[in-house]
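Right, one structure below, let's go through it.
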Amino acid sequence: MPRWGMVIDLAKCTACQACVVACQSENNVPCVEPSEAARGRILAWLSILAEPEGEYPAFRLRLLPVPCVHCDEPPCIRVCPVGATDINAEGTVRQTFARCIGCRYCTNACPYTRRGFNWYRPEFPGDLNQALNPDVSVRPKGVVEKCTLCHHRLQRAKEIARAENRPLAEGDYLPACVEVCPAGAMYFGDLADETSAVSRQARSPRAFRLLEELGTKPKVIYLAKGEWHGGE
């Protein structure tokens with residue numbers, strides 16, 4: 001059984017935000033008005049977060065692309081009263097939008113703040129309706145949204161492999177963010193396969209996980225740049 005995971009090399013990442021735009025476009029994530037953004041109601045499944053380092057005047061920021069980290073021990077699942085979020089056998093933390101009642105317990109339980117609440121009915125004015133991805137639903141008002149590692153792409157890749165009477169091969173399934181990264185900083189694949197590129201990168205001495213001390217066991221792993229977080 002595969003165990004899907006991602007590695008992000010911070011030595012390569014330029015924080016260009018191509019992954020952010022790709023995620024928004026692929027998953028029909030609506031933009032919010034500036035007034036709502038000022039109230040903290042930005043709806044983004046993947047964001048570039050700033051990690052402060054050092055003291056003034058040597059202070060600087062390290063920029064990290066952070067999707068849902070798809071924990072092996074996800075705290076969000078434990079608190080959902082209606083089973084709207086779960087983890088499947090392949091390690092993907094899913095969100096069933098039709099079951100969500102908008103209580104936001106999962107949002108409060110997530111230490112990575114990687115869940116957003118849909119405060120308003122999403123609107124895609126003008127020709128933007130023509131750009132919506134037909135493989136992904138447009139979520140109604142009042143539900144929690146999150147990264148699913150572009151799960152619809154996995155289903156398509158499995159169908160193609162089944163039609164061609166072959167097993168799923170490495171590279172058949174890539175989330176949109178990984179596919180568009182111009183710097184090649186993002187690796188994705190089966191962490192359970194020791195020969196896969198993502199598994200080899202995850203065993204790097206530069207590898208670390210965000211808030212690993214909480215015991216959530218994230219499957220999104222970072223490769224440190226320089227001496228940060230015990231890296232080379």
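The values are calculated or read from the model by the stated rules, or taken from the named source; none is laboratory data. Computed from a predicted structure; not experimentally measured. No Cβ is skipped: glycine too gets one built from the backbone with ideal geometry, and neighbour counts run over all protein chains shown.
ALA163 is checked against (1) loosely packed, with under 11 Cβ neighbours inside 10 Å; (2) in contact (Cβ under 8 Å) with a residue 60 or more places away in the chain and fails just one. What number does that condition carry?
If we test ALA163 against (1) loosely packed, with under 11 Cβ neighbours inside 10 Å; (2) in contact (Cβ under 8 Å) with a residue 60 or more places away in the chain, just (2) comes out false.
Of the residues that sit in region 109-132 and are in a helix (DSSP H, G or I) and either acidic (Asp, Glu) or in contact with a Lys or Arg (Cβ under 9 Å, 6 or more places away or on another chain) (or both), which one is farthest from GLY40 (Cα to Cα)?
ASP127
I'd like to check something: does region 16-24 contain any residue that is farther than 22 Å from TRP119 by Cα, part of a loop (DSSP other than H, G, I, E, B) and not acidic (Asp, Glu)?
yes
Let me spell it out: the conditions are (1) surrounded by 13 or more Cβ atoms within 10 Å (Cβ to Cβ); (2) closer than 29 Å to LEU132 by Cα; (3) touching a residue at least 40 places away in the same chain (Cβ under 8 Å), and ASP72 meets all of them except one. Which number is the exception?
For ASP72, the exception is condition (2).
Restricting to region 78-127, count the residues that are in contact with an Asp or Glu (Cβ under 9 Å, 6 or more places away or on another chain), of a type outside the set (Ser, Thr, Tyr) and without any contact (Cβ under 8 Å) to a residue 24 or more places away in the chain.
Residues that pass the stated criteria total 1.
Yes/no per residue for (1) basic (Lys, Arg); (2) under 30 Å from GLY83 (Cα atoms):
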| site | (1), (2) |
| --- | --- |
| ARG139 | yes, yes |
| VAL143 | no, yes |
| GLU159 | no, yes |
| GLY171 | no, no |
| GLY184 | no, no |
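Just wondering, is there one or more residues in region 156-163 that are more than 21 Å from the chain's Cα centre (by Cα) and either part of a loop (DSSP other than H, G, I, E, B) or of a type in the set (Lys, Arg) (or both)?
yes
Check ARG78 against each of (1) in a helix (DSSP H, G or I); (2) touching a strand residue (DSSP E or B) at 6+ places or on another chain (Cβ under 9 Å); (3) among the basic types (Lys, Arg) and name the one condition it does not meet.
(2)
Would region 35-46 turn up any residue that is farther than 24 Å from CYS106 by Cα and either of a type outside the set (S, T, N, Q) or assigned to a helix (DSSP H, G or I) (or both)?
yes
So GLU55 clears everything in (1) without any contact (Cβ under 8 Å) to a residue 40 or more places away in the chain; (2) of a type outside the set (A, V, I, L, M, F, W, C); (3) not in a loop (DSSP other than H, G, I, E, B) except one condition, right? Which one?
Only one criterion in (1) without any contact (Cβ under 8 Å) to a residue 40 or more places away in the chain; (2) of a type outside the set (A, V, I, L, M, F, W, C); (3) not in a loop (DSSP other than H, G, I, E, B) is unmet by GLU55, namely (3).
With the checklist (1) under 21 Å from the mean Cα position of the chain (by Cα); (2) not in a loop (DSSP other than H, G, I, E, B) in hand, flag the one item ASP193 doesn't pass.
Condition not satisfied by ASP193: (2).
Considering region 188-223 alone, what residues qualify as being without any contact (Cβ under 8 Å) to a residue 24 or more places away in the chain, out of contact with any strand residue (DSSP E or B) (no Cβ under 8 Å at 6 or more places or on another chain) and not polar (S, T, N, Q)?
Across region 188-223, the qualifying residues are GLU194, ARG200, ARG203, GLU212, GLU213.
Using beta carbons and a limit of 6 Å, which pairs, at least six apart or on different chains, have the first residue in region 1-14 and farther than 11 Å from ALA202 by Cβ and surrounded by fewer than 23 Cβ atoms within 10 Å (Cβ to Cβ) and the second one at pLDDT below 90 and among the basic types (Lys, Arg)?
Here the result reads LEU10/LYS225; ALA11/LYS225, each pair linking region 1-14 to a residue that is at pLDDT below 90 and among the basic types (Lys, Arg).
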